[in-house]
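Rule-based calculations on the coordinates, nothing more; no lab input. Values in this document were obtained by computation on a predicted structure and should not be read as measured data. Quick reminder, even Gly has a Cβ in these numbers, built from the backbone with ideal geometry, and neighbours come from all protein chains shown.
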Amino acid sequence: MKRRAAVGRLALLGATALCLIVAIVAFIGLSGAGAPSSSVSTSTGVSTSTANSSSTGVSSSTTFDTTSTSSLTSTGTSSQTGSTTTTGSTSSTTTTSSTVLSSSSTTLPSSSFAVQVVDRTTQQPIPGADVVYGDVFQNTGPNGQTVLKVNGSQALIVTASGYQGTLVNPFTPSGTLLFTASLAPLPEPALTLTKNSVGYIGCSVTADAVRGYDNLSQKQLFWNPSYWTGGGSINKWVSPTSMYWTEFNQQLTTYGEPQAIWINVCVEAIGVITYSQLVTVIQTLKSYAPNAVLYISPHTLYDPPDLCALTGGMTGVIASYELAGQAVANGLALPGPDIGPLTPANSASCDPVPSGDLALGASLVNFFG
């Protein structure tokens, strides 16, 4: 009897222990049921990463309004620059240092590309900028952008009031790309200019621009625009005995050595205009006015680009941008304002009518004051 009682007590203790173990296991399972899962299926790994599925890059968030030439309505910077953004154009050569040109994907059709113009310092868009691609002239819209048709390798000129214009030649765009041109702001003249203290050399368009300036500004900083420079493309100024230097010396006699001189690189289709010719002209200029600060600008733009036959259409204008840019790059002069454009409404082909004088003069007012 005592042995059966002992066996019974042992069995009861074993059963109690077993129940206790089961209860502990059950309790552990219940306490873990409310914990957040750390499994791959609910992680923030590649399959749900915002860097891939919700990128604000141009290629996924940019839309175009095809009813407007300034069509790019939203912008972004691709977050995958290492793999999807191409920097620069491999077949393009930037001839001045005033612009950074980069490209990124867009939702445009393959036959079109977009140009976005921004301030290099602030990266803010520049509305109303002039964009010339081959024989096409367009302005950027309020968002600093415009859309053009791909037409092979052409010169690209981008400029805006208050900025140093630039030339990329040749420029070979690809469809579906957005090209961003970052323009450098023009530094204001570091001079306290006085009346009739700014001389100039150039052609009839140059004098017309000064005439427009005189009609817009009360400061009258320039020499009198009746000073004759008609037909004065750079190659006509090369000889130190040319009639242009005779006229120039008459102004020196009247006004004395100027504080600044504006060089307008005028061109013509007849004859070859070279950088060495421009260097010779600047050297002669310095011999007459060694203390003057020199500012240089290319020939005026035209809209349409082939409006002026005397410049050979865009051929001569492109050459003037190349020459002016090279002179600035080599420290021969400081960048001056781009002038224009002249259009059929404000010009008689190459030269402006009075309203065109004002359009050109406004560029000088914005720069010189």
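Numbers below:
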item	result
From phi via Karplus (6.51, -1.76, 1.60), per-residue ³J(HN,Hα) for the stretch 119-132 in Hz, x at Gly/Pro	6, 4, 6, 9, 6, 7, x, 10, x, x, 5, 8, 10, 10
Förster radius 56 Å - calculated FRET efficiency between residue 174 and residue 283 (Cβ-Cβ, nearest 0.05)	0.85
Estimated FRET transfer efficiency (residue 139, residue 228; beta-carbon r; R0 25 Å; 0.05)	0.15
Which of 228, 262, 223 has the fewest Cβ neighbours within 10 Å, and the rest in rising order	228, 223, 262
Which of 179, 368 has the fewest Cβ neighbours within 10 Å, and the rest in rising order	368, 179
Theoretical FRET efficiency, 1/(1+(r/R0)^6), r = Cβ-Cβ of residue 215 and residue 269, R0 35 Å, to 0.05	0.70
Whether the stretch 154-216 is rounded, prolate or oblate, judged on the alpha carbon gyration tensor where a/c under 1.5 counts as rounded	prolate
Peptide ranges 198-211, 308-321 listed from the most packed, as the mean C-beta count within 10 angstrom indicates	198-211, 308-321
Residues whose placed amide H lies under 5 Å from that of residue 155, excluding near-sequence neighbours	134, 171
Distant-in-sequence amide H partners of residue 296 (H built 1.01 Å from N, under 5 Å)	263, 334, 336
Segment residue 194-residue 247, length gained on full extension (0.36 nm per residue, minus Cα span)	16.9 nm
